[in-house]
1. Determine, for each peptide in 24-32, 4-12, 88-96, the mean count of other beta carbons within 10 angstrom over its residues, then list the peptides with the highest first.
2. Which net charge results for the neighbourhood of Leu23, defined as the other residues with beta-carbon distances under 15 angstrom from its beta-carbon, given Lys and Arg at +1 and Asp and Glu at -1?
3. Using only the C-alpha atoms of region 1-64, find the volume of their convex hull and express it per residue in Å³.
4. Straight-line reach from Lys110: which lysines fall under 29 Å, measuring Cα to Cα and dropping same-chain residues less than 8 apart?
5. Let me have the relative contact order for region 1-64, percent, based on Cα pairs under 8 Å that are six or more residues apart.
6. For Pro64, what is the net charge nearby, where nearby means another residue's Cβ is under 14 Å from its Cβ and Lys, Arg count +1, Asp, Glu -1?
7. Taking amide H positions as placed in the peptide plane 1.01 Å from N, state which residues far from Ile12 in sequence (5 or more) or on other chains have amide H under 5 Å from it.
Amino acid sequence: MTKDRLIDMQVIDGEGNIVGKVLDIAFVVGKVGMKLIVETKKGENTELPWDDIQAAGDFVLLKPSSGATPSVAGQPSGSQPSQQQICPTCGEPLTWIPQYQRWYCYKDGKYV
């Protein structure tokens, strides 16, 4: 994945909430690791370590356990289906992404 492709990509947290969009990629010379510079929905800039990213394709998806993302208040309580689904390809539990109203497999990196 190139830097140009990541710039302006939406960032979604592990619960399916939009965090913001990618502004840039940063790293410190002589140190291991990169960070995404993300503009949040409130217009603030935040840095997200590359280790907090689960997948990147049409958007950047953060790991569910990532504590680095701001939570989005006001999420409708009935937005997630009540039954847990299993991926037909790998057999792992799927995660509901409310924004797209679809189940996502983190292991396979795709919607089901």
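Every number here is computed from the coordinates shown, using simple stated rules; none is lab data. Predicted model, so just to flag it, every value in this text is computed and none were measured. Cβ: placed from backbone, ideal geometry, glycine included. Neighbour counts: every protein chain shown.
1. 4-12, 88-96, 24-32
2. Result for the local shell: 0.
3. So the per-residue hull volume is 80 Å³.
4. Cross-link targets: Lys3, Lys21, Lys35, Lys41, Lys42, Lys63.
5. The value is 30 percent.
6. The answer is -3.
7. Answer set, sorted by chain and number: Val19, Val60, Leu61, Leu62.
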